[in-house]
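What follows is one structure encoded as structure tokens, with my remarks underneath.
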Amino acid sequence: MLRIKRFIFVVASIATVSFLAACERSTHVRIEGSAQPVFVLSGSGRLCSFVVYNPEFSQKAKSPWDEDLALWKIDVAEGRSTGTPVGSLDRIVYGVSPEGYKQIKPPIGSPPPLKEGAKYFYEVTTTNASGTAGYFQIKDSRAVSTDGPDTCFGGEGKKWARVPCR
């Protein structure tokens with residue numbers, strides 16, 4: 001009887017650990033650094049792309065992913081499924097492509113320096129977990145998280161329109 005109880009306990013423990021290990025953890029970003037921000041990442045997904053948008057994104061974007069307003073974008077070099085796990089990547093420094101990633105915007109050279117007080121929108125796209133997005137600014141020569149202007153879109157397919165945020 002004791003062996004059966006022990007066996008059931010071991011099987012239940014293995015099942016619980018397997019279930020918890022397989023749980024998806026959303027992507028989170030903590031902002032650190034100076035005028036060159038450092039984005040500290042956590043979560044269970046694999047990084048596909050990371051984009052920092054121009055401060056005018058909230059007023060001028062034509063779609064939720066208007067890359068015409070991207071200041072800096074990196075993308076996984078070999079395909080979305082080969083992205084580095086966010087937990088292993090740990091951090092991204094503005095303007096520095098991590099190993100296994102290629103810079104898309106700007107196509108050549110460094111991205112522009114960030115201006116004190118301007119609010120920048122960033123977006124993190126991942127596989128196997130939800131990505132995230134948010135705003136940051138350079139305040140007193142330090143990168144800090146901030147609230148940004150709400151930018152909402154509605155529409156279907158390639159036809160996007162600005163709509164009031166609810």
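Numerical summary
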{"read-out": "Cross-link pairs Lys60/Lys105; Lys73/Lys115; Lys60/Lys115; Lys102/Lys139; Lys119/Lys159 - those with Cα-Cα distance over 24 Å", "value": "Lys102/Lys139; Lys119/Lys159"}
{"read-out": "Length released on extending from Asp147 to Ser81, taking residue separation times 0.36 nm less the Cα-Cα span", "value": "20.6 nm"}
{"read-out": "Label point distance in nm, Asp66-Lys119, each placed 7 Å from Cα along Cα→Cβ", "value": "1.6 nm"}
{"read-out": "Label-reachable residues, region 53-78, where backbone N falls under 20 Å from a point 7 Å from Ser130's Cα toward its Cβ", "value": "64-65"}
{"read-out": "Leu71, Leu47 arranged by Cβ crowding within 10 Å, fewest neighbours leading", "value": "Leu71, Leu47"}
{"read-out": "In Hz, Karplus ³J(HN,Hα) per residue of region 145-153 (6.51, -1.76, 1.60; θ = phi - 60°; x = Gly, Pro)", "value": "5, 8, 7, x, x, 5, 10, 10, 10"}
{"read-out": "Prolate/oblate/rounded call for region 84-166, Cα gyration tensor, a/c under 1.5 rounded", "value": "oblate"}
{"read-out": "Distant-in-sequence amide H partners of Ala70 (H built 1.01 Å from N, under 5 Å)", "value": "Asn54"}
{"read-out": "R0 of 30 Å, Cβ-Cβ distance Arg91-Gln59: FRET efficiency to nearest 0.05", "value": "0.50"}
{"read-out": "Range of Cα positions in region 27-151 per principal axis (Å), largest first", "value": "35, 29, 28"}
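Here, each number is a calculation from the coordinates, and none is a lab measurement. Here the structure is a predicted model, which means the values were calculated and not measured. Reconstructed Cβ throughout: ideal geometry from the backbone, glycine too, with neighbour counts over all protein chains shown.
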